[in-house]
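No value in this document is a laboratory result; all are computed from the given coordinates. Since this is a predicted model, take the numbers as computed values, not measurements. FYI the Cβ positions are ideal-geometry reconstructions off the backbone, even for glycines, and counts take in every protein chain you see.
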Amino acid sequence: MLSVTVMYSTEPPRLFALVPCAGVGERAGAGGPKQYAPLAGRPLVGHTLAALAQVSRLSGVLVVLSPDDTQFEQVVPQTSAWVERVGGASRAASVANGLAALQARGAQPHDWVLVHDAARCLLRPEWVDHLIDACLDDEVGGLLALPLADTLKHEVDGRVDTTLDRGGKWQAQTPQMFRLGLLRPALVQAGDAVTDEASAVEALGHRPKLVRGALENFKITYPPDFELAARLLTSR
Ligand SMILES: Nc1ccn([C@@H]2O[C@H](COP(=O)(O)OP(=O)(O)OP(=O)(O)O)[C@@H](O)[C@H]2O)c(=O)n1
Ligand SMILES: C[C@](O)(CO)[C@H](O)COP(=O)(O)O
């Protein structure tokens, strides 16, 4: 197992949220970055940040924007979140750059970072608290996730090639919560090969904790997702 030594301070660890918000939203087809699409009276990312703002144990929220982002301050004029224009070519690069920025702002290696997709705008503060409660005393950290509820097919040319065993398989969500001193080198080592933080931590030989999330915590990815999200947000 490759190991990364995290120096633990005697100070109690703080908790920060890091929100990657530098994607282009190609699959969503919204005509621009999906995080700024209007949704139930707010830009999509406004809902995400409003939920995180209600998590009292967070010492700060850092939003990672694309270097050429010109929209964030216009569409989210009032936010207590910090903003850094250090987004990269992949989600992993945006998160890695954001972690460096967070450390430059004073976060310590033993502090916890909860990475949450800007595009998971249905987040509820109680799910974040549930993750924190489950991981705060854990050696590795963990993530919200859901056990697969459907039968799983492998496709070739639009037809079923084979039916896969779904036993023990979970769908990863966010937030994903790890110590800064573990996650930063894990992402540097993993590079763009990973699609979530847990994968980078797993590649170092660790086993992140799976904490049951909620079906509603889905990621806006494809065009029909906007309408479903709008209906759910309006009904709250
Ligand atoms: N280079 C990137 C790519 C993605 N993200 C962020 O990571 C989250 C999850 O990514 P995804 O749903 O894939 O968003 P996009 O990359 O925007 O979508 P697509 O892949 O369809 O272009 C989003 O909040 C997105 O803004 C990011 O910060 N930097
Ligand atoms: C991090 C993530 O939300 C976990 O499910 C997901 O991997 C990000 O989506 P992407 O499409 O891979 O950017």
query = Counting only residues that are within 15 Å of ligand 2 (Cβ to nearest atom) and not aliphatic (A, V, I, L, M), how many does segment 116-160 have?
reply = 8
key: helices (runs of 4 or more DSSP H) lying entirely in segment 146-236 (those with 2 or more residues that are closer than 22 Å to residue 132 by Cα)   = 180-190, 197-202
task = State yes or no: is residue 84 under 17 Å from the mean Cα position of the chain (by Cα) and without any contact (Cβ under 8 Å) to a residue 12 or more places away in the chain?
result = no
message = Only one of 221, 195, 174 is out of contact with any Gly (no Cβ under 8 Å at 6 or more places or on another chain), closer than 26 Å to residue 106 by Cα, within 16 Å of ligand 1 (Cβ to nearest atom) and β-branched (Val, Ile, Thr). Can you tell me which?
response = 174
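Which of the residues spanning segment 110-145 are aliphatic (A, V, I, L, M) and in a strand (DSSP E or B)? Outline the logic, then answer.
Residues of segment 110-145 aliphatic (A, V, I, L, M): 113-115, 118-119, 122-123, 128, 131-132, 134, 136, 140, 143-145.
Of everything in segment 110-145, those that are aliphatic (A, V, I, L, M) and in a strand (DSSP E or B) turn out to be 113, 114, 115, 143, 144, 145.
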Candidates 108, 54 - the one that is in contact with a helix residue (DSSP H, G or I) (Cβ under 6 Å, 6 or more places away or on another chain) and either within 14 Å of ligand 1 (Cβ to nearest atom) or in contact (Cβ under 8 Å) with a residue 40 or more places away in the chain (or both) = 54
inquiry  = Looking at segment 154-181, I want the residues that are under 22 Å from residue 121 (Cβ atoms) and have a partner that is away from ligand 1 (no atom under 16 Å from the Cβ) and of a type in the set (D, E, K, R) with Cβ atoms under 8 Å, at least 6 apart or on another chain. Which pairs are those?
reply    = none
query = Which pairs have Cβ atoms under 6 Å, sit 6 or more apart or on different chains, and link a residue in segment 14-26 that is on the phi < 0 side of the Ramachandran plot and aliphatic (A, V, I, L, M) to one that is in a strand (DSSP E or B) and within 6 Å of ligand 1 (Cβ to nearest atom)?
reply = 22/64
ask   = Which one of these does residue 73 not meet: (1) more than 15 Å from ligand 1 (Cβ to nearest atom); (2) touching a helix residue (DSSP H, G or I) at 6+ places or on another chain (Cβ under 8 Å); (3) of a type in the set (D, E, K, R); (4) farther than 30 Å from residue 204 by Cα?
value = (2)
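Take segment 161-183 and flag every residue that is β-branched (Val, Ile, Thr) and either more than 16 Å from ligand 2 (Cβ to nearest atom) or under 15 Å from residue 202 (Cα atoms) (or both).
162, 163
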ask   = Looking at residue 163, is it away from ligand 1 (no atom under 16 Å from the Cβ) and in contact with a Lys or Arg (Cβ under 8 Å, 6 or more places away or on another chain)?
value = yes
